[in-house]
Amino acid sequence: MTKQLMSGNEAVARGAWEAGVAFASAYPGTPSTEILENVGTYKEIVAEWAPNEKVAMEAAIGASMGGVRSMAAMKHVGLNVAADPIFTFAYMGVSGGMVFVTADDPGMHSSQNEQDNRNYAPFIKIPMLEPSDSQEAKDMFRDAFDLSERFDTPVMFRMTTRVCHSKSLVEPGERYPFAAIPYVKNRAKFDDVPIAAKRNRLKMPERDRRLLALSNDCKYNRAEYSGSRKVGIVTSGVSYQYAKEVFGDAVSYLKLGLTNPLPIDLIREFRARVETMYVIEELDPYMENQIKAAGIDCIGKEKIPAIDELNPNIIRKALLGEEARGVQGDPKLVVPRPPALCAGCPHRGFFYEAAKRKDTVIVGDIGCYALSGNEPLNAKDLANCMGSAFSVGHGLSKAFALSGQDKTVVACMGDSTFFHTGINALEEVIYNDSHLICCVLDNRITGMTGHQENPGTGYTLKGEPATIMDVGTIVRALGLERVRTVNPLHLDEMKKALDWAYTEVREGPVVLITRWPCVLKRLSAEDRREFRMTPAQCTIDRKKCIGCKKCLSTGCPALSFDTCERKAAIDPMQCVGCTVCAQVCPQQAIVKGAKKA
Amino acid sequence: MKRPDTQSVILVGVGGQGTILASKVLTTGLIDAGYDVKMSEVHGMSQRGGSVTTQVRYGQKVWSPLIGQGEADVLVSFETMEAMRCLPFLKPGGKVIVNTYRMPPLPVLSGECEYPDGIVDELKKRADTLAIDAVKIASDLGMPRGMNVVLLGALISAIGVDGADWTQALRGCVKPKFFEDNLRCLEAGLNLAAAKA
C-alpha cells in the first residue's frame, strides 16, 4: 500500500486495526477525540463513546479480561478521571492486550492545565511508549499490544497535541489475525481482594526488571551517532523532531520511545560517548530527574523551559543563543479575534438572562459555555474541571450560607458533561441538600469537541440507534421534583424559569434544563420532530434602530455596529434567526422574516 | 542548520473559510510529487470564528511539523487582518499572498474598536506581497465559496512545485459535483499569480 498522510490520531486508529484490536472506548477530549472517531470507521472494531474516561477505561479492562485486544483513549485530564481502575489493573495484568492513550496538551491549546502525564507511568508502574510522529504512532501502537501480552501488563501510550494533530506520511500495514483468548475463571489474577492484590503486587518488581532489560535493548530506544560526539541529546516524543530540526545530523542523539522504565544503562553508555549531554524534553524534567538521580551528569531544565509547548525556536534560543525574528509589522494593524459562542447558539439566551441577576455567582464547567465568561456576556465567575460545576457550586453555596453571604449560586454544565461526571455531582447536591440552582444546558450533543454522540442523543459512535436518556427523568429518579425544562431562545420563558428557580431554591436544590440543539448540529429525526425553527433571518429596520447597542450585548457574531451611521446591522450569512437580539431590542427594530438564502 | 531543501508554508484564516481544504489539496499534490510532507493544524477553542492556522512543510526529509517565527517561506492569508497577525512567522525575503476579504472580529462587531485600515499597504511595505480579491474572482466564476481554491492556485504558482498534478490533487479532495467549478477557481489563481510575476 502507498504511503498516506495521517494525523497521529488517525495513525493510532490504524495501528489499533493492524494490531487486531476488537474493542475500543473513549470520551471525546481535544487533542484525543479523533482517535476513536477513526477507530469507529473500521468495521472489525467495536468502538464506543463512554460517558466518561473512567468508564471507558473500565470497559476496555473488561474486554481485555474477556480475552480480546482492547484500548481506551482520553486527553490528559481524562486520565485523572480514569486513574482509579488503571492503578489496580496494573496489578492484575491482561488477558487480551490492553493499551490506553493519554493525549497531553502542552501549552494548553484547549485545556485547563498542561499536566505532564509521563509522571503517571512510574506511578502506575506500567510501561510507557511515546511516539514522535505518525509513522511511529501507528507502529508503536500496534507493537504495544505484543508488549502488553508479553509482559502481562496494560501499556500507557503517551501522545501530545503536536503528535496527535500534525500529519506526516505513514506506510499502512495488514491486520494481525488476533484470536480471542478463551475466558477462564482466575480469581487470583482478576478478583482484587487484598489477598490477591498482595500476591499480584509482589510480582511487579520482577516485571519491572524484565521491562528495564527490554528498555535498554529495544528498537524504540536507539542511539544515533551520525554526527559529532561533542554534543549528545537525550530526547523523546515530538521533542526529537524539534531537536533534529535545530541540529540536524551535526550532533548525536539518544532517541527514546519506551520511556518507562527509562533505559538507564543505555543512557549511561551514551553519556560515556559524548562530551556534553543535553536532555531535551517538553514540560517536566521527567527523564532528567531520573538521569540525575542515577548519578549521570546532564543539562536539561537549566536551559529548556518546563512550561508551555516546546518548538525548534525555543531550543535554538536556549542551546545556541540564536533568536529568530520574522518580518515585523505595525502592531496597531491587528486587533484581537477572541473565540465566541456561535450565531444562534442556544446557550446565549441562558447566559444573557442569568448574567443580569443580582448577587449571583455563576459556576461554569468544561464545554463551549466556558466562553460565557468573556465580554459582552460576562456571565461565568469560575470553573474547575469537567463535571465539577454542581459539586463546586454545592460547596460554594454551603460556604455562603455558613458565612452569612447573601448570594445565589447558579451552576451550569452541558448534557454530555452531565452524563460524564455531572450526574455524580448532582447526587452530592441532592443528598446533602444545598440551596443551589443546577442548570443543564442541553444542546442535544457533545458540542465543543465537534459533535460526538452521548447517552442523551439517541445514537452511538457507529451511528446505530440507542436508548435516549432524558435528563429531567434522571433528575426526578434521583428524587428531586424541583425540575423544569425551558427553551433558552425564548428570553421571557428563560426569565420566568429563573424567577421560579430563585424562589424554589430557598427550599433546596433546583434543576433547570435548557433544551435546544447546538446551532451547528445536523438534526436527527428525533430533533426534527421536537424542535421547529423556521429557517429565516432577522433584519434590522434602520429607521427604527436608535443605535443603543442593546442587541450587541448578547455577543452574537452575526451582529455588528456601523460606527458611521450609529446603527446595528445583521450579517445574513451568519444569522440563523434565533431572535435573541430581536427580543432584547427596546425599539422592536429587529424582525424575523427574510427567508434564509 | 535548517535543511536548505525544506520549504515552509503557513496558511491562515478564520474558521469556516476553507483553509483546511486548501491545505489538503496542497499536501496531496506535494506527496504525489514525491516530497516528504508534514502538516500541523493550530485551532482555537470555538467551532466558528476563531483564527485557524495550518502549517505545511515539505522537502526531502522534514523534521519539525511546526513553523517557528521567521521561518515561513510563504504566508497565505484568507482574511486580510490575519496576515498581519501572522507576519512575524514570515522569514525576511518571504512572500505574502493576501485575500482582500475582511471578516471583522467580535471587538470590531461590537463597536469597541475599528477594523484597521491600510493593512495591504503595510504588508507591501514589509514583504513581497500579492493582494487578491479572491471573493470577487470566485464569485465571477459562479462560486463565491471557491475563494480558498483561488488563493491555493496563487500559492502553487508562487512556490513552483515541479512534477505535481494539481488537477488530480483537487479531484481527490472535492466532491465530484463541485470539481469543475473548483478547477476554474484553481486555474484563475494560477494565472493570476503568473500574470503578476
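The values are calculated or read from the model by the stated rules, or taken from the named source; none is laboratory data. Small disclaimer: the values here were computed from a predicted structure and weren't measured. So basically every Cβ, Gly included, is an ideal-geometry build from the backbone, and we count neighbours across all protein chains shown. Please note that ligands, DNA and RNA were not included when accessible areas were found on the heavy atoms of the full protein model with its side chains. Shrake-Rupley method; radii C 1.70, N 1.55, O 1.52, S 1.80 Å.
Taking amide H as placed 1.01 Å from N in the peptide plane, A:LYS567 has its amide H under 5 Å from the amide H of A:ASP562, each at least 5 places away in sequence or on another chain.
Label reach from A:ARG229 (point 7 Å along Cα→C-beta): in region A:242-265, amide nitrogens under 20 Å belong to A:248-256, A:264-265.
Taking all protein chains together and a 1.4 Å probe, the residues A:HIS451, A:HIS394, A:HIS435 rank A:HIS435, A:HIS451, A:HIS394 from largest to smallest accessible area.
Per residue of B:79-89, other chain Cβ atoms within 10 Å of the residue Cβ number 4 on average.
Taking amide H as placed 1.01 Å from N in the peptide plane, the amide H of B:VAL14 sits under 5 Å from that of B:VAL52, each at least 5 places away or on another chain. Normalised Debye scattering of the protein assembly as shown at q = 0.07, 0.10 Å⁻¹ gives log10 I(q)/I(0) of -0.57, -1.17, counting only Cα atoms as equal scatterers and leaving out solvent.
Computed 3J(HN,Hα) for region A:564-581, one whole-Hz value per residue from the Karplus formula 6.51 cos²θ - 1.76 cosθ + 1.60 where θ = phi - 60°, is 6, 8, 6, 9, 7, 9, 10, 7, x, 5, 9, 4, 10, x, 6, 6, 4, 5, glycine and proline marked x.
Rolled with a 1.4 Å probe across the full set of protein chains, the surface gives A:LEU489 an accessible area near 10 Å². Given springs between every Cα pair under 10 Å in a Gaussian network model of chain B, which of B:SER157, B:SER110, B:SER51 has the largest fluctuation? It is B:SER110. Cα centroids of region A:37-99 and region A:461-510: 32 Å apart.
Enclosing the Cα atoms of region A:105-250 in their convex hull gives a volume equal to 171 cubic angstrom per residue. Between A:MET469 and A:GLY456, A:THR457, A:GLY458, the built amide H atoms are under 5 Å apart, and every one of these is 5 or more places off in sequence or on another chain. Residue separation of A:ASN374 and A:PHE123 scaled by 0.36 nm, minus their Cα-Cα distance, works out to 86.6 nm of gained length. For region A:418-446 and region A:121-179, what is the separation of their Cα centres, given in Å? What the calculation gives is 36 Å, centre to centre.
For region A:212-242, trypsin sites (Lys or Arg not before Pro) meeting the loop criterion (DSSP other than H, G, I, E, B) and having at most 10 other Cβ atoms within 10 Å: A:LYS219.
In this label model, A:ASP470 and A:TYR176 are separated by 4.7 nm, measuring between points 7 Å along each Cα→Cβ vector. Taking every alpha-carbon pair under 8 Å whose residues sit at least 6 apart, chain A reaches a relative contact order of 11 percent.
Going by the alpha-carbon gyration tensor, a ≥ b ≥ c the square roots of its eigenvalues, is region A:1-78 rounded (a/c under 1.5) or, if a/c is not under 1.5, prolate (a/b greater than b/c) versus oblate? Oblate is the answer for region A:1-78, as a/c is 1.5 or above yet b/c matches or exceeds a/b.
Backbone geometry of region A:27-40 corresponds, through the Karplus equation with coefficients 6.51, -1.76 and 1.60 at θ = phi - 60°, to 3J(HN,Hα) couplings of 10, x, x, 5, x, 9, 3, 5, 4, 5, 4, 7, 4, x Hz, x marking Gly and Pro.
Can you pull out the GluC sites (Glu not before Pro) in region B:48-82 whose DSSP state is coil and whose Cβ has at most 13 other Cβ atoms within 10 Å? Here no loop site has a sparse enough neighbourhood. Whole-Hz Karplus values for region B:176-181 come out as x, 5, 9, 4, 4, 4 Hz, taken residue by residue from phi with 6.51 cos²θ - 1.76 cosθ + 1.60 and θ = phi - 60°; glycine and proline positions read x. Relative contact order of region A:77-190: 35 percent, from C-alpha pairs under 8 Å at least 6 residues apart in sequence. Distance between the pseudo-spin-label points of B:ASP133 and A:ASN113 (7 Å out from Cα toward the beta carbon): 5.4 nm.
Working from label points 7 Å from Cα in the Cα-to-Cβ sense, the A:ARG325 to A:ASN186 distance is 6.5 nm. Ordering A:PHE145, A:PHE190 by accessible surface, largest first, gives A:PHE190, A:PHE145; the 1.4 Å probe counts only protein heavy atoms, with every chain in place. Note on exposure: B:LYS24, A:LYS358 ranked by accessible area (1.4 Å probe, complete protein assembly) read A:LYS358, B:LYS24, with the most exposed listed first.
Kirkwood radius for chain B, taken over all pairs of different Cα atoms as the inverse mean of 1/r, rounds to 16.9 Å. Here the Gaussian network model covers chain B, with springs between Cα atoms less than 10 Å apart; of B:PRO104, B:PRO65, B:PRO116, B:PRO116 fluctuates the most. If you plug the beta carbon distance of A:THR41 and A:ARG273 into 1/(1 + (r/R0)^6) with R0 = 51 Å, you get a FRET efficiency near 0.65.
Pairs exceeding 21 Å between alpha-carbon atoms, taken from A:LYS219/A:LYS244; A:LYS332/A:LYS380; A:LYS125/A:LYS203; A:LYS219/A:LYS255; A:LYS3/A:LYS462: A:LYS332/A:LYS380; A:LYS3/A:LYS462.
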